[in-house]
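Colleague: Let me begin by handing over the structure; questions about it come next.
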Amino acid sequence: DTGVSQNPRHKITKRGQNVTFRCDPISEHNRLYWYRQTLGQGPEFLTYFQNEAQLEKSRLLSDRFSAERPKGSFSTLEIQRTEQGDSAMYLCASSPTGGPTGELFFGEGSRLTVL
Amino acid sequence: AQSVAQPEDQVNVAEGNPLTVKCTYSVSGNPYLFWYVQYPNRGLQFLLKYITGDNLVKGSYGFEAEFNKSQTSFHLKKPSALVSDSALYFCAVRDMVGKSTFGDGTTLTVKP
């Protein structure tokens, strides 16, 4: 068990470009979450998956954002036509169950800088 | 809707002194409360949680937290702070479908 892995760790892009982040959760975890964190704020919920099913999307997630978890294993978060306001740390977390009692296991995050 | 407030952006303590990092919450129904720690350039790490039972819960690295239902608080504590405890601490509440809401974090600085 190597924990939650996120790639790339850092991405610098120009406004208007598309970017994709990948998250590999802990293998036996069927829940996967994406959060966004900006400086001085706590993680904000974006979306989550139960296996391959995307169960909820935050209103923060505009139509330029899309997330997938095609085989219930790794997940991708794509941002199309990036804007400077998209600059943030994108965090992935997984958990073995969907209930309220288990803790989240976080990756180290993917930092996006939009120029 | 659930929410979490961490009223202090920064907490400074001297090494060896007790520390408290404050958290208050708002939920409908039973609260499921968590503390996470974030070291520079690292992901968030779980410290401890309150689900039910004893109001004082113990976690990793000597940390503990006190759940107070009447005050809707879940303060993080440690009897004797270490310089290595310096980090960013987040309080979170988790809902019935497993979605977590986080506070804005408190930076703890422990000075030698």
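Colleague: If we only count strands (runs of 3 or more DSSP E) wholly inside region A:33-115, which ones have 3 or more residues that are more than 14 Å from every other protein chain (Cβ to nearest Cβ) and either within 13 Å of the chain's Cα centre (by Cα) or in contact (Cβ under 8 Å) with a residue 40 or more places away in the chain (or both)?
Modeller: Fully inside region A:33-115 and qualifying: A:65-68, A:75-79, A:110-114.
Colleague: All but one of (1) within 14 Å of another protein chain (Cβ to nearest Cβ); (2) out of contact with any strand residue (DSSP E or B) (no Cβ under 8 Å at 6 or more places or on another chain); (3) free of Cβ contacts under 8 Å to residues at least 12 places away in the same chain hold for B:Gly98; state the number of the condition that does not hold.
Modeller: (2)
Conditions tested, residue by residue: (1) modelled with pLDDT of 95 or more; (2) crowded, with 18+ Cβ neighbours inside 10 Å; (3) not aliphatic (A, V, I, L, M).
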| residue | (1), (2), (3) |
| --- | --- |
| B:Pro7 | yes, no, yes |
| B:Val11 | yes, yes, no |
| B:Thr20 | yes, no, yes |
| B:Tyr36 | yes, yes, yes |
| B:Tyr39 | no, no, yes |
| B:Ile51 | no, no, no |
| B:Asp54 | no, no, yes |
| B:Tyr61 | no, no, yes |
| B:Glu64 | yes, no, yes |
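Colleague: Let me ask something else. Restricting attention to region A:78-115, report how many residues are crowded, with 18+ Cβ neighbours inside 10 Å and among the β-branched types (Val, Ile, Thr).
Modeller: 3
The values are calculated or read from the model by the stated rules, or taken from the named source; none is laboratory data. Being a predicted model, the structure only gives us computed values, none of them experimental. Because the Cβ atoms are built from the backbone with ideal geometry, glycine has one as well, and the counts that use them run over all protein chains shown.
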